[in-house]
Amino acid sequence: MYIEKKLIACCILAISIGIATIVPLEYLMAAQAQPADNIQTLAAEPLFDVNALYVNCNLNHTRETLPSTLYGATINGLLNMTVLKPNPLQEYDAKIEYYQFRVYSDEGPIVNMTFCVGYANLTLTWLIEGDGTIGFTNGLTYNGTLVDGGLTVGDGFASTNNTGFLCGEIVSADPNSPPQAVTQLRNADTLYIDVYRQCTLTVKGEITVMTPENNDVLQHMVLTKTSTGFTYGTYSAGMAPIPPKLITG
């Protein structure tokens, strides 16, 4: 059976396209990292407050693609990121935080989604590629994990109201044989999403340090069941529907 999981993320400085996946923390921590004691303190301090304003789960999603139409479900969200410090990088080049959105129902876990948000000096830009790779203008390449959305902010941007998009698609080419996660979503009576800060990547020149985070729940969402899926929050004017299918599914 052919199953595709495709993620689309749009942001202020970067557009990232990834593939939805359930990624264990051990895999993320196994990505390239070099220990550096002098930046451990900075790495351990949270830089962002991430708050989901609106989440939509569409259980009857279809998408035309070659060579066939795909069927399944989408989970899309509008996120607000607030920078917590006036001088977040000090003398360092970049700091990127990974967040996990754990989707589960009254019957158990369904899928985990990953979102990352980074703060970088304007002299050092970065881009999240489809496989989660982050490339820096100084030539450094960091092999990260697959993500379901990403955002870059930096000097000159507002410390509040930085909008990011969590975008997940779980589909199959066979409308009569959906992925297990889609079946679980359709059978759910109540849907929940818990947000965790998964880990932090701190960059100084050619040195990268990956720091794990604790298991504290940063946001707990209870999604309301609708005729087409589930929703959390209220969509209002000013919440740019990017990508365009964010609201309609």
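The values are calculated or read from the model by the stated rules, or taken from the named source; none is laboratory data. As the structure is a computational prediction, the values presented were derived from the model and not from experiment. Neighbour counts run over all protein chains shown; Cβ positions are idealised from the backbone, glycine included. Ligands, DNA and RNA are excluded from the accessible area calculation, which covers all protein heavy atoms including side chains. Shrake-Rupley method; radii C 1.70, N 1.55, O 1.52, S 1.80 Å.
Yes or no: ASN80 over 19 Å from VAL147 (Cβ atoms) and either open to solvent by less than 30 Å² (accessible area, probe 1.4 Å) or not charged (D, E, K, R) (or both)? When the stated conditions are applied, ASN80 does not pass them. Residue count for the stretch 198-214 under the criterion of being within 9 Å of TYR92 (Cβ to Cβ) and of a type in the set (D, E, K, R): the result is 1. Pairs meeting the criteria (first residue in the stretch 53-68 and under 17 Å from THR234 (Cβ atoms) and without any contact (Cβ under 8 Å) to a residue 40 or more places away in the chain, second residue open to solvent by 20 Å² or more (accessible area, probe 1.4 Å) and not in a strand (DSSP E or B), beta carbons under 6 Å, at least 6 apart or on different chains) are lacking. Looking across the stretch 83-99, just one residue is among the acidic types (Asp, Glu) and either at pLDDT 85 or above or surrounded by 24 or more Cβ atoms within 10 Å (Cβ to Cβ) (or both), and that is GLU97.
Go through the stretch 167-196 and give me each residue that's open to solvent by less than 30 Å² (accessible area, probe 1.4 Å) and either among the charged types (D, E, K, R) or in contact with an Asp or Glu (Cβ under 6 Å, 6 or more places away or on another chain) (or both).
GLY168, GLU169, VAL171, ASP194
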